[in-house]
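Working notes, structure below.
The values are calculated or read from the model by the stated rules, or taken from the named source; none is laboratory data. All figures in this text were calculated on a predicted structure; none of them were measured in a lab. With ideal geometry, Cβ positions are generated from the backbone for all residues, glycine too; neighbour counts draw on all protein chains shown. Protein only, heavy atoms only, side chains kept; ligands, DNA and RNA dropped before computing areas. Shrake-Rupley method; radii C 1.70, N 1.55, O 1.52, S 1.80 Å.
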Amino acid sequence: MSGPSESGSGKVGTPELFDKVVNLTKRRGFVYPSAEIYGGFRSTYDYGPIGVLLLRNVKDAWWRSMVQLREDVVGLDASILSPPQIWEASGHLANFTDPLVDCTKCNTRHRLDKLDDPEVCPNCGARGSFTEPREFNLMFKTQAGPVQDAGAVAYLRPETAQGMFINFKNVIDTTRVRPPFGIAQVGKSFRNEITPGNFVFRTREFEQMEMEFFVHPDEAQQWYEYWCAERYQWYLDHGMPEDQLRLRPHDDDELSHYSSGTSDVEFLFPWGWDELEGIANRGNYDLTQHAAHSGEKLEWYDQAANERWVPHVIEPAAGATRTAMAFLMAAYDEEEVKGETRVVLRLHHRIAPYKVAVLPLSKKAELADPARALAQQLRGSFMTDYDETQSIGRRYRRQDELGTPYCITFDFDSLEDHAVTVRERDSMEQERIAIADVASYLRERMI
Ligand code: GAP
């Protein structure tokens with residue numbers, strides 16, 4: 001796989017791209033800083049009317065390929081609030097820590113393992129000004145119920161994965177699954193990150209898309225390789241350029257406490273290669289730990305062979321919010337059209353917030369009413385926008401910035417020929433299509 005490219009916008013790997021995308025997301029209603037009217041709140045973000053569609057599409061595309069299209073994966077939605085026993089068993093209470101140092105000169109806090117030079121403060125440049133590192137646990141602790149005793153301690157989950165392990169027995173007892181099979185979940189996770197940043201790349205509240213795949217111990221390596229290839233391909237299939245995507249195996253000293261092998265799918269962000277997803281071979285660590293701590297037998301009984309064994313687990317673990325951001329970065333493009341700069345998000349149609357926009361050439365009821373009726377008809381199959389304000393050129397530009405693959409212009413001729421003009425986002429080519437055929441035209445290209 002290759003390094004930085006000059007493809008697409010020609011701005012891959014530059015800080016300007018980052019600023020442009022962040023600016024666009026605010027201007028067009030993708031992402032807002034949370035609690036902005038109160039001055040914002042510590043690297044938290046709200047997804048606006050367009051962003052919520054984008055994020056939902058990322059999660060739906062993942063769910064579609066990981067659950068809907070597979071016979072061997074089932075879904076789950078586990079609770080976020082969880083008792084300490086889970087995190088004791090998983091190892092998170094002891095090991096889910098980052099080394100924290102304070103600069104005694106400028107009073108800023110840093111993650112020691114993320115510093116370019118562990119002796120130099122990146123904020124004030126002081127050398128040798130750091131305190132001794134302290135291990136800082138990233139889990140958010142809270143209390144369940146009104147009484148503040150030890151029994152009330154609860155944690156916000158720092159990963160969705162443990163929900164699958166603690167429900168392993170429930171799932172095998174109540175469904176028809178048998179190894180190799182997976183349990184998938186999409187949901188919020190929380191980590192008290194020391195240094196959140198780079199917009200929604202690293203936040204304290206974020207969404208994950210994780211799947212635990214339970215296999216016979218002898219087949220673990222083969223399934224690990226299978227899932228590495230599948231997950232890498234998923235990003236390509238959804239429009240990530242090959243030269244901005246790579247699969248990087250971890251060095252031994254990078255491995256998590258549970259992992260015997262991990263590879264990251266990495267995207268070339270404006271600041272360099274960084275992680276979108278980790279695919280880990282977790283061995284039988286989690287089921288063994290939860291069995292020991294809970295007293296439940298967490299194993300598979302193979303009736304035919306009369307054998308009991310603890311499945312090994314392959315885990316593809318992706319970030320939904322981080323992936324949504326990467327899709328935006330990869331899709332952002334600028335080009336000169338008739339002496340003006342056109343900004344366009346070349347998003348894959350499955351990821352694009354709106355699939356189609358209906359734009360009547362005039363606001364007059366004569367055009368607006370049938371255009372609205374067409375938009376309403378399309379809404380049954382596609383997320384559809386309707387816009388009758390401003391000039392048609394400005395409305396096209398707005399839809400280009402939202403990444404809408406198709407715009408439909410309803411003009412005065414439409415009243416006579418019962419046809420509309422369909423404009424494709426990337427080529428800007430236009431075609432005259434009978435109104436009765438519009439839905440099937442879009443379906444052929446997008447479903
Ligand atoms: N169960 C394994 C696990 O949670 P991880 O690598 O810590 O593994 C998986 O997290 C994915 O979750 C990451 O690849 C990343 O995309 C996303 N993620 C992790 N921490 C995040 C954060 N603070 N903000 C946004 N996304 C995060």
For the chain, cysteines with no other Cys Cβ under 4.7 Å from their own Cβ are listed as 228, 407
Taking just the alpha carbons, could you work out the radius of gyration and Dmax for the stretch 332-392, both in angstroms?
14.1, 38
Amide H partners (placed H, <5 Å) of residue 159, local residues excluded
190
When you take every Cα atom in the chain, what is the radius of gyration, and what is Dmax, the widest Cα pair distance, in Å?
25.0, 79
HN-Hα J couplings of the stretch 222-239 from phi, Karplus 6.51/-1.76/1.60, θ = phi - 60°, integer Hz, Gly and Pro as x?
5, 6, 4, 5, 4, 6, 4, 5, 4, 5, 4, 5, 4, 5, 4, 4, 9, x
Extension gain residue 417-residue 306, at 0.36 nm per residue separation less the Cα-Cα distance, in nm?
32.8 nm
Using θ = phi - 60° and the Karplus relation 6.51 cos²θ - 1.76 cosθ + 1.60, list the HN-Hα couplings for the stretch 243-251 in order, rounded to whole Hz, with x at every Gly or Pro.
7, 10, 9, 8, 10, 10, x, 5, 6
Rg (one decimal) and Dmax (whole number) from the Cα set of the stretch 23-155, in Å, equal 20.7, 58
Under 8 Å for C-alpha pairs, at least 6 residues apart: give me the relative contact order for the stretch 32-188, rounded to a whole percent.
25 percent
As a test of the definition: which semi-axes, in Å, follow for the stretch 97-136 when you take the square root of five times each eigenvalue of its alpha carbon gyration tensor? Largest first, please.
15, 10, 8
Tell me the angle of helix 365-379 to the major Cα principal axis of the chain, expressed in degrees between 0 and 90 and rounded to the nearest ten.
30 degrees
Lys, Arg +1 and Asp, Glu -1 on Cβ, resulting dipole of the stretch 354-446 about Cα centre, debye, nearest 20
360 debye
Carbon and sulfur %, accessible surface of the stretch 105-198 computed with the full protein complex present, 1.4 Å:
46 percent
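For a 22 Å ceiling on Cα separation, which of these pairs sit above it: 59/169; 141/188; 59/188?
Table pairs above 22 Å Cα-Cα are 59/169.
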Restricted to Cα positions, what overall size does the stretch 324-363 have along the principal axes? Three whole-Å values, descending.
37, 27, 12
Given 0.36 nm per residue, what is the gain on full extension from residue 335 to residue 134 after removing their alpha carbon distance, in nm?
67.4 nm
Candidate aspartates and glutamates for bridging to residue 114, where Cα separation is under 15 Å - those fewer than 8 sequence places away on the same chain excluded
98, 102, 135, 193, 253, 254, 274, 275
For the chain, the longest principal axis of the Cα atoms and the Cα long axis of helix 15-27 enclose an angle in degrees, to the nearest 10, of 70 degrees
Percent carbon-and-sulfur accessible area, the stretch 354-446, ignoring ligands, DNA and RNA, probe 1.4 Å
47 percent
Mean shadow area of the stretch 354-446 over all directions, Cα convex hull, nm²
5.2 nm²
With runs of 4+ DSSP H residues as the only contributors, calculate the mean residue ellipticity of the chain at 222 nm using -39,500 (n - 2.57) per run, divided by the residue total and rounded to the nearest 500.
-8500 deg cm²/dmol
Whole-number accessible area per residue in Å² for the chain, which is evaluated in the context of all protein chains at 1.4 Å:
48 Å²
Simple Cβ-charge dipole of the chain, Lys/Arg +1 and Asp/Glu -1, about Cα centre, in debye nearest 20
1400 debye
Could you check the simple spin-label distance between residue 60 and residue 173, using points 7 Å along Cα→Cβ, in nm with one decimal?
3.6 nm
Give me a comma-separated list of calculated 3J(HN,Hα) values for the stretch 208-217, in order, Karplus coefficients 6.51, -1.76, 1.60 applied at θ = phi - 60°, integers in Hz, x for any Gly or Pro.
10, 10, 10, 9, 9, 10, 9, 9, 5, x
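Please give the net charge around residue 34, taking every other residue with its beta carbon less than 14 angstrom from that of residue 34, where Lys and Arg add +1 and Asp and Glu add -1.
Local net charge: +1.
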Cα centroid distance between the stretch 374-402 and the stretch 336-351, in Å?
15 Å
